Structure formats: structure tokens, C-alpha cells
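The structure appears below as C-alpha cells.
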Amino acid sequence: MDANGVRHAFSRFFEERGHLTVPSASLIPHDPTVLFTIAGMVPFKSYFLGEERPPHARMTTVQKCFRANDIELIGTTSRHCTFFEMLGNFSFGDYFKEGAIRYAWDLVTEVFGLDGERIWVTVHETDDEAAAIWRDTISLPANRIQRLGEENIWAMGDTGPCGTDSELWFDKGPEYGAEGGPASGADERYVEFWNLVFMELNRREDGTTEELPSKNIDTGAGLDRLLALLQGHDSIFATDLYTGMLEAAQSITGRHYGRDEAVDVALRRIADHGRAMTMLVADGVLPSNEGRGYVLRRVVRRAILAARRNSSSTSPVTPALVDAAVATFEVAYPQLVTDRDLVASVLEREEQQFDRTLRTGLGLLESALDDPRVVTSKVLDGQLAFLLHDTHGFPVELTEELAAERRIAVDRAGFDEAMREQRERARAASRSHRAADESAYRSLLDAEGPAQFIGRDAAHYTATARIQAALEAPDGLTEIFLDHTPFYAEGGGQVGDTGTIATSTGTAEVLDTVSPLPGVIAHRARVRGSLHPGQEAVASIDRDRREAIRRNHTATHLLHAALRDVLGDHVRQQGSLVAPDRLRFDFSHHGAIASEEHDAILEMANRDVIGDDAVETTETSRDEAQKMGAVAFFGDKYGETVRVVRAGPHSLEFCGGTHVRALGAIGTIQLVSEGSIGANTRRIEAVTALGALQRAAARDRLLEQASAMLRTDPEHLPAAVEKVADRLRVAEHELGKLKEQALRTDARTLAEGALDGVVVARTDGRAGEELRSLAGAVRHQAGARVVVLGGANPGGTAAIAASTDGTVDAAGLVRTVAPLISGGGGGSSELALAGGKDPAGLDDALDAVRAQLGVA
């Protein structure tokens, strides 16, 4: 069973048992207490705490996760990774310990086929109930039920939901070490593969706990480890989640996996970090010197450093890793295919930036580590570590890892002091504002109370307000806080407002509006002059932009209602973007939308627009709103008092956003695109009003241009296109035959020049695949056993193709000479291809092949 099969089997098992399958949330969590989504339960924290009602009492996910706490171990073990997927099932006040244990046992023994006689479990030393269930209900022998202490308590962090747990372990057998079970046996023998958390407590900041509103279940099984067990591998790096990544790492470095353990460590590190960097950037993390971006930068630079230290090549590292990661995960996360170019460009820029300073910085570090004083003291100066960080882009953790290889420690206190001094210097010029962080936001909220949003209608798009505070944001912008504001803060998919805030001493151009904490509205602005707390200010939003947003937001509601009406009530909103120029709506659905469904959705939504019903908003209790039949959006947070928006005869939803007064103001709705973005998740994009008219006009112009080119009218364009397509198919067929004839002729000619069965020749003007086909054709001519062809392509690149009878390794041959054309490549032992960007090196490369084959 491959990774896709495990994902499908897991989700189907729990769907059949009444669980709602929820797509993976982003690696960037909504929860400010964690930097990344570190476990499957993170997106559901508010459900566990009782702050929000879940859409279903039973849910299941395959959640993308990222952890960097063991990053220094990556590559050195067979089971540690940074990015991983967590298979999980969740119960919010429904089933508890017995249900979770029964489901886990049935799935792993009956569906996945693991041998129950080799499964051990651990429970907390105080948990008699869980132990009894395993013993009496599952009939697991008492000697395979072990009790541990802190090891069987799971918590999200220092604060938040927590509880005792029960872990499932697999005994790999006596050949892996001593017996004794998970408690005292060999680490390599007993593999933990599923954790069942009995989530019933909340840990406060003072360390005490309180009971959660309900008893909940949170389970997590790492896909990589489970897959290794099911496929019979000792290492996660042998599964189909890593084989493509390791192949890419070998191609990048020219080194072979399994021949040298030190090289293997580097290749595993490159493979793991290649997955992680791709998934992080795809979810919106960008390299920086703070927070998530700093962690990403460290991951990228560790991978590049591992590649450079194990290869003489200076070819790019990250593009091949991105391609391998996309190929690995494209079925589970098809949006990766769409985002591939963006992800690759972000990482390639980061790689280029690091490469500019890597050689100098690495030389400086190695010289310092060779210094006799450092060798004797076993301590590297903190000021030097800071210089490497500040000037050469070496994260201090990376310096620590490289020093640790020589058993040398970094003076971290000295580094921290140098960092503190630099920050003080940077801030010295501007000390009038505090830094914008959670502490400052909470202090502001405590001192001033919640800010009021007053800008729902045009009469209040401009308002006089008092400045409460102005804080410095890390990106150089100023965050301005008012006692009341017409600016809508980003939320519920609707983007934040832009506009201006003006006082007698300065003007702020507001670029975005956000709510970092409930009740706090931050106007992120570029300030000319100065603004001070206590000043009276005139706050004005961009009216035209807001009106466009209102139209698109209400149109989103109409499309949601139409989707549910046409496709079924299983359709649920999974995310949205309401911007001035477009709207985007993600929803749960099992397949592509048929053309007749597309038409029905669009017709229903536009009929509602034409009806021009007034849009009504009501504030009521959450319970009353649900009784009214209002639809709640998954992932949005609602208090006890909610706003309900009725838009026409079909749409009734919870919503805190801004909307048109009557549906006719939307003008018209046009769907721009529809497609899959994940398992059972679709995305539509649409435009309204002037955007829809402009799109229609642009499509009309294209239609007229295409008709003119084919000398027909728009009504007959499809038939004209079909005729052209028919002629093209005939021409391509004829061209293919001519190419085959030319290929056979060229192959015979080249084979005639064989020396002792070896053909090494240059033939320009062919693309890589065509060159490889020609090499294969020559190889099948009489008297040819080894064929290597090289050529310059029309695009200014170069390629080398090799085809052999197996007596010479074709892949090894092209990898050996690929650096001479500034490239890389691979393939099988009998047919291989290398590409490069330096055609000037072709003749030297072919000469090197002749020398290697003894025909120089």
C-alpha cells in the first residue's frame, strides 16, 4: 500500500464510522501560541476549549505538520523528519477512550493488516480505565500493556488542551535489539506509530489544570512511520514519500545513497528539507530573519550547505527538490502543481542570496575552527558567530551544528549580546513608538477597551476618531489604533480596508487593516510627518474599493447557496478570499463540477441578483441563528451574539463582513475558474459588476480576433477550429513519419562510425528527449553497443544522451561529464540523459567520455 492508499484507507475507515473528513489546514496556524501547525489537533483547539462549536462531533483529517525541535537530528536517524502528515480522528464530546481504542485496533489489524501479536501499548501510570479496555475489551495480553509516567501525557504546549494518552507500538523483532517492550526494550526494536490522546484538561499559565467542557479524543499517527511499517522498511526514507526526494538529492550531488554513511546523512537531510521547504512556501511562509521565515531560511540553508559540502557542483539545488516534492505530493495536494513556479522562484532567490556569501562565510568559519586557541578552548567566539549571521547569512544554529562536528561549542551568550546591541542601535533612532507585539496589543486592550467598527454603510466611510496608540511593526510600517474606525479589519475571508488617517501633524496611508486580537484593530500604514496618541484624526476608507468588496462578498454568499442547492448540502465553505477585483471560494465536494451544474449554479446566483432583494442583517444569539437555519463557515469563530445575513431567497449565513444594500448592486456574476485544490476540496473564482463586464468585453474581443484569423464569424468558430485541428493532426502525423525516417537515417550514419562498438558524436539542434531517442536508435544498429551523443539546443542549452547494452552504466556516464556543461542528469543503466546550460563545454565533455571509454 503506497502513501495515497494509506491516506484513502484511513479517511474512508472513519467516514464509514460517522466522521466528517476535513481537508488539511495550512502549516501557518491561526493560533498565536504556536509558530507552525505541529499536530493534527491544532486547527481544532477552539473546539476542544469550547470556544467554538465544531461542524460535526466526529471529524478526521490528514493534516500537514511541521516541527523543527529535532532539526539537528534530521538525516542521522531513520525516523526523524521536519515536515510530516498526521493521520487523525477526533471526537468532540462524543466517544471517548473505549471508542478511540477500538477504532485504532480495528484499523491497524483489519484494514492495514498489522500483526496484533506484535503490537504493544503504553498507558499513563494512573490510567486504570485505558489499561482495562486494552486488556478486557481488546483482549491484549497484560504483559504487552505497559504503564509510563510523563511519557504518556500529551500537551499542545505550556498552556492549552492536554490529557493522558495511550500509544501503540510495533515490535520489529529480536534482530533489532533487546526485548522488554517500549518501557525498557531497545529503541530500534519498538516503534511508536499511533498516539491516542484523551483530551479532557486545559493547562493554565500557572501550570494548574482545569477540566475541558467535554471529554474529547485527539489521535495522531505519523504517515511516514506508519507507511514504513506497512511497507516493511526499517527507515521512513525507504518509502514512496522519500524515494523521489532521495533520487533528486543524488542527482544534485552526484553521490550515491547507501555507500557511505556520512554521505547518506547529507542525502537524507537534503531530501527531508526539500519536502519541508516546498510545503512551507506553498502555504505562504517566506524566508526572513524573524519567526516562521527564519525557520524556513534555516531549513533551506541547511539543505544547500549539505549539498555543497558533498558535491563540487555549483548547480542550483532547490529547483530539483521542488520538482521532486511536487511529484511526491501532487495527488494529495494538487494545488502544488499550480504553485510550483512560485515556490521554485522564492526558493531559488533564497539560494542565490545564500550562495553569494556561503563560500566566504564557510571559509571564515573553518579557519576559526582550525585556530589553535579555539581547538584548545573548545569554544567559538560569539562575536564571530554574530558576524557569520549578520554578514554571511549563517543562522547561529547552523554555526552551532558545524562547530559541534568538531566538538566545539559556540559562545551563545556572546552572540546574544552582539545581537542585542545591534537591535538597540537599529531602534535608537526611533524610540517614540513601542514595538507591535502581542504584549503591546493586550496592554492596549486592557487600557482602552475594544475598538468599535462603525463603517458598515457609506455614511460612515469617513469618521473623526482619537488615536490610542502607534506601534512599530517589524516590517517597518506603523500600526495605528483608533477608539472607533470605519476601516474593516481582515476577517471571514474579506480583505482589510485601505485609505488614510490624517491629523494636524501628519498623514498615514493605510495599506491594510487587521485584527491581531479580538477587539483590537490595527491600521497598518506608511506615515508622512508624525502621529501621536491622543490626537484627533480623520479616518477615511477607499470608497470605491470598499464598494467593490461589498459586491464580491455578497456574491460569495449567493454562490455558496447556489452550490449547496445544485450539488447538495454536503457542500461546506473551506476558505474564501473577498477582494475588490475578485472573489475566491473553497468548498467541500467530491468531484469536478459538470457543465450543466456550472450553468445551473451561475443561473441561480444571477437570478437572485436580478431579483434585487434587500440584504437584511440581524444580530441574535448563536443558538437562535442556528435554529433559523443560518449556515456557519468552518474555521470562523463566533461569539454568543452573531450577525446573520439574509441575501435573497436562498442565502442565510453567519457573517461579520460588509454587504450591499440590495442584490441588484452586484450587477452580474461570472465564474472565472473551477478546480481541485486538495482531496474532496474544490475552488471557484469569480468576478462581479464592472469586473464581469470587462471580462465579457475582453472575451468578446478574443472571439472576434480568433474569428477574423480563421476567416469566419463567431457563430461558426468551433467548426472552423475543428477543421484546423484536423489538418494539424494530419500534418503532425506526417511530420512524425518524416522524423522517424530521418532518425533512422541519422542512426545508420552514426553507427557506421563506431569504433569497437562505441559511438561518441556531437549532433546539434535536437532537444534532450529527441537526442535520447536518437542515441537509443543508434544503439540498436548492428555493431553499436555504447552510444553517447551530445548537442547544443536551439534555446542555448546543451544535452548529453547515453544508450548502452548494460556493460557500461549509462546514468553514471552522463553524471560524470554533466558538470562540464554546468548541468546534471540521470536515468537507468542502459539509457540516460543530462542537461546543462553551458554548450561551450560540450566538446570537452565528449572528449572526457571518449577517454573514459578508451576510444580517445
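The values are calculated or read from the model by the stated rules, or taken from the named source; none is laboratory data. Computed from a predicted structure; not experimentally measured. Cβ atoms come from the backbone with ideal geometry, glycine included; neighbour counts cover every protein chain shown. Only protein heavy atoms, including side chains, enter the accessible area calculation; ligands, DNA and RNA are left aside. Shrake-Rupley method; radii C 1.70, N 1.55, O 1.52, S 1.80 Å.
Numbers for the structure displayed
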read-out	value
Carbon and sulfur %, accessible surface of the chain computed with the full protein complex present, 1.4 Å	49 percent
Proximal lysine pairs, the chain, alpha carbons under 24 Å, eight or more residues apart or interchain	9
Full-stretch length increase - E117, Q535 - with 0.36 nm per residue and alpha-carbon distance subtracted	143.1 nm
Local electrostatic count at L196 - Lys and Arg +1, Asp and Glu -1, tallied over other residues with Cβ under 10 Å	-2
Whole-angstrom gap from segment 278-297 to segment 528-555, using each part's C-alpha centre	30 Å
Segment 448-570 - Rg (one decimal) and Dmax (whole number), Cα, Å	16.4, 57
Solvent-accessible area per residue, Å², over the chain with all protein chains present [probe radius 1.4 Å]	45 Å²
Qualifying trypsin sites (Lys or Arg not before Pro) in segment 430-488, DSSP loop, other Cβ atoms within 10 Å at most 11	R431
Value at 222 nm in deg cm²/dmol, rounded to 500, when DSSP H runs of n ≥ 4 in the chain each add -39,500 (n - 2.57)	-12500 deg cm²/dmol
Positive-end residue of T797, P23, I541, charge dipole of the chain with Cβ unit charges	T797
Calculated on alpha-carbon atoms, Rg and Dmax of segment 502-583 in Å	18.3, 57
Within-11-Å neighbourhood charge of G18 [Cβ basis; K, R +1; D, E -1]	-1
FRET efficiency, 1/(1 + (r/R0)^6) with R0 35 Å, evaluated for L702 and H570 via beta carbons	0.45
Computed Rg/Rh of segment 715-763, alpha carbon atoms with Kirkwood Rh	1.40
Residues of segment 180-211 with amide N under 20 Å of a point placed 7 Å along Cα→Cβ from T126	196-211
Cβ charges +1 (Lys, Arg) and -1 (Asp, Glu), total dipole of segment 266-343, debye	540 debye
Lys/Arg +1, Asp/Glu -1 at C-beta; segment 429-534 dipole; positive extreme among G496, V527, A440	V527
Options L755, L358, V396, ranked by Cα towards positive dipole end of the chain, top entry (Cβ charges)	L755
Given charges at beta-carbon only (K, R positive; D, E negative), |dipole| of the chain in Debye	1880 debye
Gyration tensor (Cα) of segment 78-219, equivalent ellipsoid semi-axes in angstrom	25, 18, 15
Extension reserve of the T137-E417 stretch, reckoned as 0.36 nm per residue once the Cα distance is removed	94.9 nm
Qualifying trypsin sites (Lys or Arg not before Pro) in segment 327-420, DSSP loop, other Cβ atoms within 10 Å at most 11	K378, R407
Under-5 Å amide H pairs with T219, H placed in peptide plane, nonlocal only	N89, V197
Whole-angstrom gap from segment 703-741 to segment 749-803, using each part's C-alpha centre	34 Å
Alpha carbon Rg of the chain, scaled by the compact-globule rule 2.2 N^0.38 Å	1.09
Size-normalised alpha-carbon gyration radius of segment 142-283, reference 2.2 N^0.38 Å	1.33
Reciprocal of mean inverse Cα separation for segment 182-251 (Kirkwood radius, Å)	15.4 Å
Space enclosed by the convex hull of the alpha-carbon atoms of segment 617-764, per residue, Å³	274 Å³
Label point 7 Å beyond Cα of R102 along Cβ direction - residues of segment 114-148 with amide nitrogen under 18 Å	129-140
Estimated dipole of segment 671-811 in Debye, rounded to 20 [Cβ of Lys and Arg +1, of Asp and Glu -1, Cα centre]	60 debye
Cα-Cα P(r), segment 558-659, percent of pairs per 10 Å interval	14, 45, 35, 6, 0
Hydrodynamic radius by Kirkwood, which averages 1/r over all alpha carbon pairs of segment 359-409, in angstrom	10.6 Å
Backbone N under 20 Å from the D599 label point (7 Å along Cα→Cβ), restricted to segment 557-571	559, 562-568
Neighbour-limited loop hits for trypsin sites (Lys or Arg not before Pro), segment 684-792 (at most 13 other Cβ within 10 Å; DSSP other than H, G, I, E, B)	R711
Estimated distance in nm for a label pair at S235 and A404, the labels positioned 7 Å out from Cα along Cα-to-Cβ	2.0 nm
Calculated FRET value between S288 and V527, using beta carbons and R₀ = 30 Å, to 0.05	0.85
Mean Cβ neighbour count within 10 Å, used as a protection proxy, ranking 155-166, 605-616 highest first	155-166, 605-616
